[in-house]
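Asks: Shown below is the structure under consideration.
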Amino acid sequence: MTRPTEITIDLNALIANCHYAQSLSPDSQTVAVVKADAYGHGAAEIAKALEQTVSMFAVSSLEEGIELRQQGITAPILLLEGCFSLEELFIACQYGFSVVMHNLYQCQMLENLDAKQQIAIWLKVDTGMHRLGFLPEQVMDIYARLKGVKQVKNVVLMTHLSSADETNNHFTNQQIEKFANCHKQLESHFSIQIETSIANSAGLKAWPIARGTWNRPGIMLYGVSPFMPTNKLSVDNLPEHSMQQQLLPVMAFMSKVIALRNVPKGETVGYGNTWVASKDSVVATIAAGYGDGYPRTAKLGTPVLVNRQHAKLCGRVSMDMITVDVTGLTGIEIDSEVELWGKNLLVNEVASWADTIGYELVTRMPKRTRRRTINS
Ligand SMILES: Cc1ncc(COP(=O)(O)O)c(C=O)c1O
């Protein structure tokens, strides 16, 4: 028997989630965000599975884009942070990548570019996130400069929302309004139609006015809602609007029980003796720890499914193992199946017990955790 710890990636769930994303905005095109190894799901495999369904992929860097091309992905690819040097921009042109342009340095780079191929530019407007992008009052000037560069194939106007997961946060309205004004001014000044892109997953679901020519869903494709259950303002707390109910988790993090013991009342379990048995208890040891991607910050009581029954984390998470209180559960034995997160236990729920978000847990799965793809 090999160590029974693995993640499974369900490509059918991925496609279903993508169709759901598209159903929210049927007139838009989809840029599937597959940066950071498709949020830990395996970028090449995810992109191959989605290639017939979406129009474009988005990654963070030139390296991530090249990796997809080397794996045979021919669809358009957008570099979300643009290029970091003239050499990179030249290579991006050769690979046919589209690039975000978010600062003057990148604009100057483009003006100095000597390449045969044309390149699509996604001009980023900083409408309030204050991370990347030109201020709305700079955009007219930058757009005029882009029009003067012969290598520019077309320009899409984009922005990014900072709080789209808070469904009644007025800041999102302000961002969208700033963006709409900027877009309107450009279109009327240059007498052309300009494509737009605003929405991430939360924007796509909760802010219909954020839907543009292109939407950029990421986390929802992987079956994880951007709305945390602990966020009182989230749509997932309104059952009739819940996004999570429409999504199928793509990643399942599975393991098995590798030891079982009786722990008498008053005895402790694990490093630091943080868990004390309040009664005579049965504790299962499971082959998954922070070295496998389980969060060390998970608190005592974090839910774990053992043999499909709810159990609670007891004791600190160690590198290779966790311990779980299975007192009173039925049929638990060595080799019993354990779901750490997946279809029956949402990663966002585990994340909320570990003071983080599902995004982080799925994205940082380490190399050593074995992967298996389900494609039935
Ligand atoms: C610019 C941009 N667009 C879209 C996304 C996708 O966001 P989400 O995963 O919340 O859908 C991201 C992710 O961080 C992003 O940085």
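Asks: Taking the beta-carbon count within 10 Å as an exposure proxy, list 314, 107 from fewest neighbours to most. The partial results should precede the final answer.
Replies: Working: 314 26, 107 20.
Ordered by Cβ neighbours within 10 Å, fewest first: 107, 314.
Asks: Compute the Cα gyration tensor for segment 211-273, then decide on rounded, prolate or oblate, letting a ≥ b ≥ c be the square roots of its eigenvalues: rounded whenever a/c is under 1.5, prolate when a/b is larger than b/c in the other cases, and oblate in all that remain.
Replies: Details: a/c = 3.46, a/b = 2.35, b/c = 1.47.
Prolate.
Asks: So for segment 251-374, averaging the separation of alpha carbon pairs under 8 Å that are six or more residues apart and normalising by length, what relative contact order in percent results? Spell out each step's value before the answer.
Replies: On the way: 278 pairs, mean separation 35.9, N = 124.
The normalised contact order for segment 251-374 reaches 29 percent.
Asks: Can you list the GluC sites (Glu not before Pro) in segment 288-363 that are in a DSSP coil and have 12 or fewer other beta carbons within 10 angstrom?
Replies: Details: sites: 333, 337, 339, 349, 360; in loops: 333.
Taking segment 288-363 and a limit of 12 other Cβ atoms within 10 Å, the loop GluC sites (Glu not before Pro) found are 333.
Asks: In terms of the ratio Rg/(2.2 N^0.38 Å) built on C-alpha atoms, what value belongs to the chain? Display every interim value, and only then the final one.
Replies: Working: Rg = 23.5 Å, N = 376, 2.2 N^0.38 = 20.9 Å.
In units of the globular-protein estimate, the chain measures up at 1.12.
Asks: Could I ask something else about it? For segment 148-235, what log10 I(q)/I(0) values come out of the Debye formula at q = 0.17, 0.18, 0.21 1/Å, with one point per alpha carbon and no solvent?
Replies: Each listed q maps to, in turn, -0.73, -0.79, -0.98.
Asks: Output the relative contact order of the chain, whole-number percent, from Cα pairs under 8 angstrom with separation of 6+ residues.
Replies: Working: 826 pairs, mean separation 68.6, N = 376.
Relative contact order, the chain: 18 percent.
Asks: Can you show me the helix-derived [θ] at 222 nm for the chain, built from DSSP H runs with n ≥ 4 at -39,500 (n - 2.57) apiece and divided by the number of residues, rounded to the nearest 500. Numbers along the way, then the final one.
Replies: On the way: 11 runs with 106 residues, N = 376.
Using -39500 (n - 2.57) per qualifying helix, the result is -8000 deg cm²/dmol.
Asks: Give the range of the longest stretch in the chain that excludes all trypsin sites (Lys or Arg not before Pro) found in loop regions by DSSP and having at most 11 other beta-carbon atoms within 10 Å. Please report the intermediate quantities before stating the final value.
Replies: Working: sites that count: 116, 131, 150, 232, 265, 279, 367, 368.
Longest stretch, sites excluded: 1-115.
Asks: How many times 2.2 N^0.38 Å is the alpha carbon radius of gyration of segment 251-374? Don't skip to the end; give the middle numbers.
Replies: Working: Rg = 13.6 Å, N = 124, 2.2 N^0.38 = 13.7 Å.
Its radius of gyration relative to the 2.2 N^0.38 Å reference: 0.99.
Asks: Pop out the ³J(HN,Hα) list for segment 335-342 in order, Karplus 6.51 cos²θ - 1.76 cosθ + 1.60 with θ = phi - 60°, rounded to Hz; leave Gly and Pro as x.
Replies: 5, 4, 6, 10, 10, 8, 7, x
Asks: Could you put 353, 122 in order, starting from the residue whose Cβ has the fewest other Cβ atoms within 10 Å?
Replies: Details: 353 18, 122 24.
Placing the least packed residue first, the sequence is 353, 122.
Asks: Between beta-carbons, use under 10 Å as the cut-off and find the net charge around residue 135, counting Lys and Arg +1, Asp and Glu -1.
Replies: Around residue 135, the charge tally is -1.
Asks: Could you give me the ³J(HN,Hα) list for segment 95-102, computed from phi with Karplus coefficients 6.51, -1.76, 1.60 and θ = phi - 60°, whole Hz, x at Gly and Pro?
Replies: 7, x, 7, 9, 10, 6, 10, 10
Asks: Another one. Once phi is turned into ³J(HN,Hα) by the Karplus curve 6.51 cos²θ - 1.76 cosθ + 1.60 with θ = phi - 60°, what whole-Hz value does each residue of segment 192-204 show in order, with x for glycine and proline?
Replies: 9, 8, 10, 5, 10, 8, 10, 7, 8, 4, 5, x, 4
Asks: Give me the distance between the Cα centres of segment 223-302 and segment 316-374, rounded to whole Å.
Replies: Value for the Cα centre distance between the two parts: 6 Å.
No value in this document is a laboratory result; all are computed from the given coordinates. These figures come from a predicted structure and were not determined experimentally. Neighbour counts run over all protein chains shown; Cβ positions are idealised from the backbone, glycine included.
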